[in-house]
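Undergrad: The structure that follows is given in the form of structure tokens.
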Amino acid sequence: MGAHSPQLQLDLWQEQSPAAVSVKPVTVLSYGLGADSTLVLIEMLRDPADYGLEPDFSDLIVITATVGSEWRDTVRFVEDHIFPLLRRHQVRYIQVARCGPYEADGWEVLADSRSPQHFIPRGRWTLMDELSLNGTVVQAAGGNSCSLKYKGWPLDQWGLAEFPDRPFRKIVGYHAREQKRARTYDGCQQEENLKARRTICTVEYPLIEQSWDRDIVEARLFTEFGFLWPKSYCTFCVYSGSCSARPAHMARLRDHVEQAVEVLALEYTSMALNENGSFYPKETLYTRVAEDGNTAALRALEDRLASVEWALYRIRRVFPPARTGSCKERHGDSCRSPWPGCIDPDTGERTPPCAQWHGPVCRKPQPACRDSSRKGQASRSVKVVITGTRAQVTHLMRRRAADAGEHVEEDLQHPLGHVRSQTLSRGARFPAVEEFHVVAPSGVIEKQRKNFEEVWQETCRQLRLPV
């Protein structure tokens, strides 16, 4: 095709496509249930012509990607105040969701109606299911990857299925202080258009165009409904401190004790399998709830832990050294044959490969691909040894530790503590390995990568540890 800009390529593909005819595109509002997209929807229903819509809203679709852990007050407000408006104007409302952790599992339509009555809180698979089975919490370092996976992907799949050969118009409710998010979203959509070799959709941001920030949005909704419309985010969101002010988040945990207990239990199990697996970098959610005086949630958590089945888990982890910046620059996303570098970081001396490749003098030492002082992405193996009551599993772990000559410790990283015995402790430099047994609520699945045993054995040999 020649060297064209991405936009010019799309224009050329669009011109060559037989579907590129002058047809008014359908407008799709991505409705996340929160304040911003709620105000956009209200304004659309109030003045359809101002948003380029037909008076009967026959060209409007409102769609929600259901993650499965929305706050119940948000759901109640949507059912009480938004669904009646959609029914009155006969607006088509759709809910979609993932069917499993992998894209091959597909996606599903939970609801598709012009008279919605009840919000469907979850599909057959949710993000909470994934976290619970893996015994972990959402990591802040992952950015918005969970949103892309559980919201963006099913929405994109629905758009491709609903409009296979013509573009549609997508409305997104980013407010005026979210222009960076809008630019990022535009870039992602451009990539999807390029992969499809056509314009899947055009994206518009009415709140940004009108310079309406969050304060204006909340004020307008307060005038509309007489209360402050709550923020929409998952109950276990790692960004709850920014999604909502801490007092507001704590108030929600007080108002929704059952949901609070679910999240607190998730953190407890996560920290059993990984002492750093708390919701916040420097403190636990449990600590925040205790400081808030939410004794109802804490008592309910202890009741839950006393009633569930427990398991003894064997945890092994391999910690490779982190990739260096120069490695990423030279080798891109993947480096299968790491360059050892010309200087040994431990001794400061030239490495044998440097002497072999560069001779007696090395005038331009090359940096290594790995930095042994920094931890790379770890690999984890989880095995279930036995299940039973908490007392039974704890007794077995203590007996196993005594037979192996291991010390049993009461790990207090979490305020409620975990019982753990350490077989191998990782060192300060990398690569490193770690192995321990821990008592925690059952439900975490056995899981490890296909090549974990090979990597484990190779790393142990490298560290001169028994395999």
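Undergrad: Which one of Ile200, Ser58, Gly348 is farthest out on the positive end of the charge dipole of the chain, using unit charges on Cβ (Lys, Arg +1; Asp, Glu -1) and the Cα centre as origin?
TA: Value computed over the given set: Gly348.
Undergrad: Figure the gain on full extension for Arg449 and Tyr280 (residue separation times 0.36 nm, minus the Cα-Cα span) and round it to one decimal in nm.
TA: 58.2 nm
Undergrad: How large a share of the accessible area of the range 328-467, in percent, is made up of carbon and sulfur atoms when the probe is 1.4 Å and the other protein chains stay in place?
TA: On the way: 4500 of 9090 Å².
Carbon-and-sulfur percentage of accessible area, whole number: 49.
Undergrad: Checking the a/c ratio against 1.5 first, then a/b against b/c, what shape does the Cα gyration tensor give for the range 331-380? All intermediate terms of the calculation are to be shown ahead of the outcome.
TA: Working: a/c = 2.85, a/b = 1.79, b/c = 1.60.
In terms of gyration-tensor shape, prolate.
Undergrad: Please give the length that would be gained between Gln157 and Glu458 if that part of the chain were fully extended, namely 0.36 nm times their separation in residues minus their C-alpha to C-alpha distance (nm, one decimal). Display every interim value, and only then the final one.
TA: Values: separation 301, 0.36 × 301 = 108.36 nm, distance 4.11 nm.
In short, 104.3 nm is gained.
Undergrad: Moving on to the next point. Of Val257, Val91, which has the most accessible area with a 1.4 Å probe, and how do the rest follow in descending order? Working shown, then result.
TA: On the way: Val257 45, Val91 0 Å².
Final ranking, largest accessible area leading: Val257, Val91.
Undergrad: Quick one: which of Lys383/Lys447; Lys328/Lys375; Lys383/Lys450; Lys195/Lys450 span more than 19 angstrom between C-alpha atoms?
TA: Working: Lys383/Lys447 7 Å; Lys328/Lys375 15 Å; Lys383/Lys450 14 Å; Lys195/Lys450 30 Å.
With Cα atoms farther than 19 Å apart: Lys195/Lys450.
Undergrad: For Arg336 and Asp186, calculate 0.36 nm times their separation in residues minus their Cα-Cα distance, and state this gained length in nm to one decimal. Walk me through the numbers before you get to the answer.
TA: On the way: separation 150, 0.36 × 150 = 54.00 nm, distance 3.28 nm.
So the chain would gain 50.7 nm between Arg336 and Asp186.
Undergrad: Please give the FRET efficiency for Ser115 paired with Phe222, using the beta carbon to beta carbon distance and R0 = 35 Å, rounded to the nearest 0.05.
TA: Numbers: r = 28 Å, r/R0 = 0.79.
E between Ser115 and Phe222, to the nearest 0.05, is 0.80.
Undergrad: Consider a paramagnetic label point 7 Å from the Cα of Ala404 along Cα→Cβ; state which residues of the range 439-462 have an amide N under 15 Å from it.
TA: The answer is 439-440.
Undergrad: How much net charge surrounds Ala35 when only the other residues with a Cβ under 10 Å from the Cβ of Ala35 are counted, with Lys and Arg +1 and Asp and Glu -1? Each step should come with its number before you reach the end.
TA: Values: positive: Arg214, Arg220, Lys231; negative: Asp36, Glu218.
So the environment of Ala35 carries a net charge of +1.
Undergrad: Another question about this same structure. I'd like the Karplus ³J(HN,Hα) series for the range 164-178: coefficients 6.51, -1.76, 1.60, θ = phi - 60°, whole numbers in Hz, and an x wherever there's a Gly or Pro.
TA: x, 9, 8, x, 10, 9, 9, 10, 10, x, 6, 8, 5, 9, 10
Undergrad: Around Thr324, which amide H atoms from residues at least 5 apart in sequence, or from another chain, sit under 5 Å from its own amide H, with H modelled in the peptide plane?
TA: Arg370, Asp371
Undergrad: Once whole DSSP H runs in the chain are found, which of them have Cα atoms spread over 20 Å or more along the helix axis and a mean Kyte-Doolittle score of at least 0.0? The partial results should precede the final answer.
TA: Details: long enough: 179-196 (25 Å, -1.88); 257-273 (24 Å, 0.85); 390-404 (21 Å, -0.79).
Qualifying helices, which must be both long enough and hydrophobic enough, are 257-273.
Undergrad: Let me ask you something else. Rounded to the nearest 20 debye, what is the charge dipole size of the range 218-316 about its Cα centre when +1 sits on each Lys and Arg Cβ and -1 on each Asp and Glu Cβ?
TA: Working: 11 positive and 13 negative charges, 51 e Å.
So the dipole magnitude of the range 218-316 works out to roughly 240 debye.
Undergrad: Let me ask you something else. Please give, to one decimal in nm, the separation of the simple spin-label points placed at Thr389 and Asp105, each 7 Å out from Cα toward the Cβ.
TA: Distance between label points: 3.4 nm.
Undergrad: Okay, next question. Give the percent of DSSP beta bridges with both residues in the chain that are antiparallel, rounded to the nearest 5. Working shown, then result.
TA: On the way: 39 of 56 bridges.
Here the antiparallel bridges make up roughly 70 percent for the chain.
Undergrad: Now, a different point. Of the listed peptides 426-436, 32-42, 219-229, 346-356, what is their order by residue-averaged count of other C-beta atoms within 10 Å, with the highest listed first? Intermediate results must be reported in sequence, preceding the final value.
TA: Working: 426-436: 17.6, 32-42: 22.2, 219-229: 13.7, 346-356: 12.2.
Those peptides, ordered most packed to least, come out 32-42, 426-436, 219-229, 346-356.
Undergrad: At a 1.4 Å probe, what is the % contribution of carbon and sulfur to the accessible area of the range 74-199? Intermediate results must be reported in sequence, preceding the final value.
TA: Numbers: 3190 of 6280 Å².
Summing carbon and sulfur atoms, their accessible area is 51 percent of the total for the range 74-199.
Undergrad: Something else about it: Show me, for the range 112-121, the HN-Hα J-couplings you get by feeding each phi into the Karplus relation (A = 6.51, B = -1.76, C = 1.60, θ = phi - 60°), rounded to Hz, glycine and proline as x.
TA: Once θ is set to phi - 60°, the couplings for the range 112-121 become 7, 8, 9, 9, x, 10, 10, 6, 7, x Hz.
Undergrad: If you don't mind, there's one more thing I want to ask. Using only protein heavy atoms and a 1.4 Å probe, report how much of Thr136 is accessible, in Å² to the nearest 10.
TA: Number for this one is 40 Å².
Undergrad: Using the heavy atoms of the protein chains alone and a 1.4 angstrom probe, what is the accessible area of the chain per residue in square angstrom?
TA: Values: 23850 Å² over 467 residues.
On a per-residue basis, the chain sits at 51 Å².
Undergrad: Next question, about the same structure. Just reorder Glu291, Glu43, Glu267 by solvent-accessible area, largest first, 1.4 Å probe, all chains present.
TA: Details: Glu291 125, Glu43 30, Glu267 0 Å².
Reading off the accessible areas and sorting them downward yields Glu291, Glu43, Glu267.
Undergrad: Right, something else. Given only helices, namely DSSP H runs of n ≥ 4 each adding -39500 (n - 2.57), what is the per-residue ellipticity at 222 nm of the chain, to the nearest 500 deg cm²/dmol? It would help to have the intermediate numbers written out before the result.
TA: Numbers: 18 runs with 179 residues, N = 467.
Rounded to the nearest 500, it is -11000 deg cm²/dmol.
Undergrad: Out of residues 5 or more away from Arg177 or on other chains, whose amide H comes under 5 Å of its own, with H placed 1.01 Å from N in the peptide plane?
TA: Result for Arg177 returns Arg214.
Undergrad: Right, next: Quick one: accessible surface of Met397, probe radius 1.4 Å, all protein chains present, in square angstrom to the nearest 10.
TA: 0 Å²
Undergrad: Rounded, prolate or oblate: which fits the chain when a ≥ b ≥ c are the square roots of the eigenvalues of the alpha-carbon gyration tensor, with rounded for a/c under 1.5 and prolate only if a/b beats b/c?
TA: Working: a/c = 2.38, a/b = 1.34, b/c = 1.77.
In terms of gyration-tensor shape, oblate.
The values are calculated or read from the model by the stated rules, or taken from the named source; none is laboratory data. Since the model is a prediction, treat every value here as computed from it, not as a measurement. So basically every Cβ, Gly included, is an ideal-geometry build from the backbone, and we count neighbours across all protein chains shown. Quick note on the areas: whole protein, heavy atoms, side chains included, nothing else; ligands and nucleic acids left out. Shrake-Rupley method; radii C 1.70, N 1.55, O 1.52, S 1.80 Å.
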